[in-house]
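Novice: The structure's right below; bear with me while I get my questions together.
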Amino acid sequence: MMTLENIEKAVAKLAPDELARFRAWLDMFEAERFDRGIERDAQSGRLDRLAEEAIAEYDRGRARGL
């Protein structure tokens with residue numbers, strides 16, 4: 001198994017075009033993990049209170065539309 005130190009060294013050796021490809025892959029990887037977490041939280045009801053608060057603020061005129 002690779003250690004973080006080994007990964008850091010390998011990334012440091014990447015050519016600029018390979019680094020750009022790695023960065024794009026990592027951005028997509030993180031975005032997908034974030035999306036899965038939000039989906040999981042939404043399905044479990046963890047976001048319900050926040051949504052209710054946001055709707056109430058909007059209904060009171062304390063927020064504006066996009």
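Novice: I need a count of the residues in segment 24-66 that are surrounded by fewer than 10 Cβ atoms within 10 Å (Cβ to Cβ) and of a type in the set (Gly, Ala, Ser).
Specialist: Residues in segment 24-66 being surrounded by fewer than 10 Cβ atoms within 10 Å (Cβ to Cβ) and of a type in the set (Gly, Ala, Ser): 4 in total.
Novice: While we're here: List the helices (runs of 4 or more DSSP H) inside the chain, counting only whole elements, that have at least 1 residues being without any contact (Cβ under 8 Å) to a residue 12 or more places away in the chain and in contact with a helix residue (DSSP H, G or I) (Cβ under 7 Å, 6 or more places away or on another chain).
Specialist: Of the helices (runs of 4 or more DSSP H) lying wholly inside the chain, those with at least 1 residues that are without any contact (Cβ under 8 Å) to a residue 12 or more places away in the chain and in contact with a helix residue (DSSP H, G or I) (Cβ under 7 Å, 6 or more places away or on another chain) span 4-12, 16-44.
Novice: Additional query: Specify which of the listed residues (ALA12, ALA54) is among the aliphatic types (A, V, I, L, M) and at pLDDT below 95.
Specialist: After ruling out the rest, the residue left standing is ALA54.
The values are calculated or read from the model by the stated rules, or taken from the named source; none is laboratory data. Here the structure is a predicted model, which means the values were calculated and not measured. Please note: Cβ atoms are built from the backbone with ideal geometry, for glycine as well, and neighbour counts cover all protein chains shown.
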